[in-house]
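The values are calculated or read from the model by the stated rules, or taken from the named source; none is laboratory data. As the structure is a prediction and not an experimental result, all values here were calculated from the model. Note: ideal-geometry Cβ built from the backbone for every residue, glycine included; neighbour counts use all protein chains shown. Only protein heavy atoms, including side chains, enter the accessible area calculation; ligands, DNA and RNA are left aside. Shrake-Rupley method; radii C 1.70, N 1.55, O 1.52, S 1.80 Å.
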Amino acid sequence: MTDTQAAEDTRRKIILSGIQPTGTFTLGNYLGAVKNWRHLQESYDCYYFVADLHALTVYNEPEKRRRQSREAFALLLACGLDPKESLVFIQSHVPAHAQMGWMLSCLSPFGDLSRMTQFKDKSQKHPEDINAGLFTYPALMAGDILLYRADYVPVGADQTQHLEFTRDVAARFNRIYGETFRLPEGYFPKAGARVMSLQEPTAKMSKSDTNVKATIYILDDEKTILKKFKSAVTDSEAEVVFREGKDGVNNLMTIYSAITGKPMDDIAAEFADKGYGDFKTAVGTAVAEELRPIREKYAALLADKAYLDAAIREGAERASEIAERTLAKAKRKMGII
Ligand code: TYM
């Protein structure tokens, strides 16, 4: 083993992930990504950010944007991210992201970008605003990840394609300009990588769902959570088992498993002679218990403007230092003087 290899083996691995500040996080965001982020803080060097530049790809009122970015930052801390342990920041505060995004967009094949599911979905949802940012979104995301030399990127299953794209673009850069970027890997939760809508369990739970009963928001109170789970779509079998075709029940079992850590078989046994009513109440109660401390912490954080402002500022400074270093290296390799 060479010295470089040995140093590589003992190096603390780097984690990076981001979330768009387009509204209160959903239970999908939480179970698919943010809950994981908190646990990873102990064993890795972690970078987490509010992806406000990505959110620009869909129109929003400026005043709402301003508020949502701060709220998203506070929500991340409320979910257990500790700015002393992790580097938490707002993407646009680190100009290197936009610069790297542009450089990588010049290495992003049009064909690959056109195949991105998120681009196709969002174009369908907003046919009046299919903008270039929506199209080059994956290049910006690749920049986010590569700037911090991330080893692992904890995300939900819907981001798999973007991660593949990131690896491809990094490999292309390395091939053309010489070894520069580390190729990151996805990091997915055992349960919860794909949380589905409570009303239409074949579709992903999403912030922008127009049916309020379909989505649990992490700031929902206990009564609302229980009500939403009570009206969750299941099936007519009255059997709590994880099986193909039982999308509604599978989703509820997944949520319950992600929160309690119980395997599917144990959950099936627990509810073997109970009806869906009891099962839904148990899932709703577990979710409400999990989210209560987040709601309480969030309220306290938003009330402490000075603390929040200082944390945002400090995050930007520390992140910029790291990102600038990689950006400078990439520029040098590309021949930018
Ligand atoms: P965003 O803001 O849509 O979602 C944030 C995280 O939540 C996960 N997620 C889900 N997981 C399980 N079930 C669901 N229903 C569900 N809905 C959302 C997402 O997979 C994601 O992990 N492009 C990213 C933001 C981003 C980013 C990055 C992520 C920008 N740059 C760099 C990682 C690394 C996005 O739109 O996530």
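Let's see how each residue does on (1) touching a strand residue (DSSP E or B) at 6+ places or on another chain (Cβ under 6 Å); (2) crowded, with 21+ Cβ neighbours inside 10 Å:
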site: Ile14; (1), (2): yes, no
site: Arg38; (1), (2): no, no
site: Ser86; (1), (2): yes, yes
site: Gln91; (1), (2): yes, yes
site: Gln99; (1), (2): no, no
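Can you find even one residue in region 213-224 that is within 14 Å of the ligand (Cβ to nearest atom) and more than 30 Å from Glu270 (Cα to Cα)?
For region 213-224, residues within 14 Å of the ligand (Cβ to nearest atom) and more than 30 Å from Glu270 (Cα to Cα): absent.
What's the total number of residues in region 57-73 that are in contact (Cβ under 8 Å) with a residue 24 or more places away in the chain and more than 12 Å from the ligand (Cβ to nearest atom)?
Going through region 57-73 one residue at a time, the tally reaches 7.
Residue by residue through region 56-106, note down the ones that are out of contact with any Cys (no Cβ under 9 Å at 6 or more places or on another chain) and hydroxyl-bearing (Ser, Thr, Tyr).
The answer is Thr57, Tyr59, Ser69, Ser92, Ser105.
Using beta carbons and a limit of 8 Å, which pairs, at least six apart or on different chains, have the first residue in region 14-35 and on the phi > 0 side of the Ramachandran plot and the second one more than 6 Å from the ligand (Cβ to nearest atom) and open to solvent by less than 10 Å² (accessible area, probe 1.4 Å)?
As it stands, the answer is none, since no pair meets every condition given.
Could you pull out the residue among Ser236, Ser257 that is open to solvent by 10 Å² or more (accessible area, probe 1.4 Å), hydroxyl-bearing (Ser, Thr, Tyr) and free of Cβ contacts under 8 Å to residues at least 60 places away in the same chain?
Going through Ser236, Ser257 in turn, just one is open to solvent by 10 Å² or more (accessible area, probe 1.4 Å), hydroxyl-bearing (Ser, Thr, Tyr) and free of Cβ contacts under 8 Å to residues at least 60 places away in the same chain: Ser236.
Go through the residues of region 132-140 one by one and say whether even a single one is in a helix (DSSP H, G or I), among the aromatic types (Phe, Trp, Tyr), at pLDDT 95 or above and within 15 Å of the ligand (Cβ to nearest atom).
The answer is yes; a qualifying residue exists.
Is it true that some residue in region 142-164 is more than 24 Å from Lys204 (Cα to Cα), in the same structural domain as His97 (by TED's automatic domain parsing) and away from the ligand (no atom under 14 Å from the Cβ)?
Within region 142-164, none of the residues are more than 24 Å from Lys204 (Cα to Cα), in the same structural domain as His97 (by TED's automatic domain parsing) and away from the ligand (no atom under 14 Å from the Cβ).
Take the residues of region 141-158 that are in a loop (DSSP other than H, G, I, E, B) and of a type outside the set (A, V, I, L, M, F, W, C): which is farthest from Phe181 (Cα to Cα)?
That would be Gly156.
State all residues of region 283-301 that are within 19 Å of Tyr30 (Cα to Cα) and of a type in the set (A, V, I, L, M, F, W, C); if no residue qualifies, say none.
Val283, Ala286, Val287, Ala288, Leu291, Ile294, Ala299, Leu301
Every residue in region 279-337 that is of a type in the set (Val, Ile, Thr) and either surrounded by 14 or more Cβ atoms within 10 Å (Cβ to Cβ) or part of a helix (DSSP H, G or I) (or both), please.
Residues satisfying the conditions are Thr281, Val283, Thr285, Val287, Ile294, Ile312, Ile322, Thr326.
Give me the residue from region 112-162 that is of a type in the set (A, V, I, L, M, F, W, C) and without any contact (Cβ under 8 Å) to a residue 12 or more places away in the chain and, out of that set, most open to solvent (accessible area, probe 1.4 Å).
Result: Ile130.
Taking Thr180, is it within 15 Å of the ligand (Cβ to nearest atom) and out of contact with any strand residue (DSSP E or B) (no Cβ under 9 Å at 6 or more places or on another chain)?
In short, no.
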